[in-house]
Amino acid sequence: MRNKKVILMRSADNTFQTKSTNYRECQKNHAANIGGYAVDGCREFISSGGESTGRALVCAACGCHRNFHRKEDYSEVVSESSYTSSTRE
Ligand SMILES: [Zn+2]
C-alpha cells in the first residue's frame, strides 16, 4: 500500500476530513558528482517492503530513499450524508 489515509477529525455534521500523501517523481540528481543534472526517471515511489522490514522508505523502482521523491499532500472532505439516503428524521 502506498497511500496512507488518516481521518483527522469527525465533525458534528457527519463530514470527515481525510489527509493523504502521495510520493511522485524521483528527483534525485544522479549526475551531481560530475556537475550535471540527471534523474533516473522513476515516476512514482513504490515501497520496497513493509514497515517492519526497514525498507518501507526505499523505492522499489529506483532504489532511492523516499525523501528524493516529490511529496504531494492533499486533503478532502467527505460527507457521510452523501452516502446515506435521506430517510433520517
Ligand atoms: Zn530514484
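The values are calculated or read from the model by the stated rules, or taken from the named source; none is laboratory data. The structure displayed is predicted, hence computed values, not measured ones. Every residue, glycine as well, gets a Cβ built from its backbone with ideal geometry; the counts of neighbours run over all protein chains shown.
Residue by residue through the range 52-66, note down the ones that are away from the ligand (no atom under 11 Å from the Cβ) and surrounded by 14 or more Cβ atoms within 10 Å (Cβ to Cβ).
Taking the range 52-66 and keeping what is away from the ligand (no atom under 11 Å from the Cβ), we get 52-57.
Passing the criteria: only LEU57.
Mind counting the residues in the range 38-80 that are in a strand (DSSP E or B), in contact with a Cys (Cβ under 9 Å, 6 or more places away or on another chain) and either more than 17 Å from ASN22 (Cα to Cα) or among the polar types (S, T, N, Q) (or both)?
Residues flagged as in a strand (DSSP E or B), in contact with a Cys (Cβ under 9 Å, 6 or more places away or on another chain) and either more than 17 Å from ASN22 (Cα to Cα) or among the polar types (S, T, N, Q) (or both) within the range 38-80 amount to 1.
Which residue, of SER82, SER52, SER86, is modelled with pLDDT under 90 and farther than 24 Å from LYS4 by Cβ? So that I can check it myself, show each step before the final result.
Values: SER82 fails: farther than 24 Å from LYS4 by Cβ; SER52 fails: farther than 24 Å from LYS4 by Cβ.
Step by step, each of SER82, SER52, SER86 is checked, and only SER86 is modelled with pLDDT under 90 and farther than 24 Å from LYS4 by Cβ.
Where the second residue is among the charged types (D, E, K, R) and the first is closer than 20 Å to ALA38 by Cβ and lies in the range 50-76, which pairs have Cβ atoms under 7 Å and are six or more apart or on separate chains?
If the second residue must be among the charged types (D, E, K, R), the pairs left are CYS59/ARG66; CYS62/ASP40; CYS64/LYS28; PHE68/LYS28; HIS69/ARG24; HIS69/GLU25; ARG70/ARG24; ARG70/GLU25.
For the subset of the range 1-46 comprising residues that are in contact with a helix residue (DSSP H, G or I) (Cβ under 8 Å, 6 or more places away or on another chain) and modelled with pLDDT of 85 or more, which member is surrounded by the most Cβ atoms within 10 Å (Cβ to Cβ)?
So the residue we want is PHE45.
How many residues are of a type outside the set (Phe, Trp, Tyr) and in contact with a Lys or Arg (Cβ under 8 Å, 6 or more places away or on another chain) if we restrict to the range 31-55?
Qualifying residue count, the range 31-55: 8.
With respect to the numbered conditions (1) on the phi > 0 side of the Ramachandran plot; (2) assigned to a strand (DSSP E or B), which one is the sole condition not fulfilled by VAL6?
All conditions are met except number (1).
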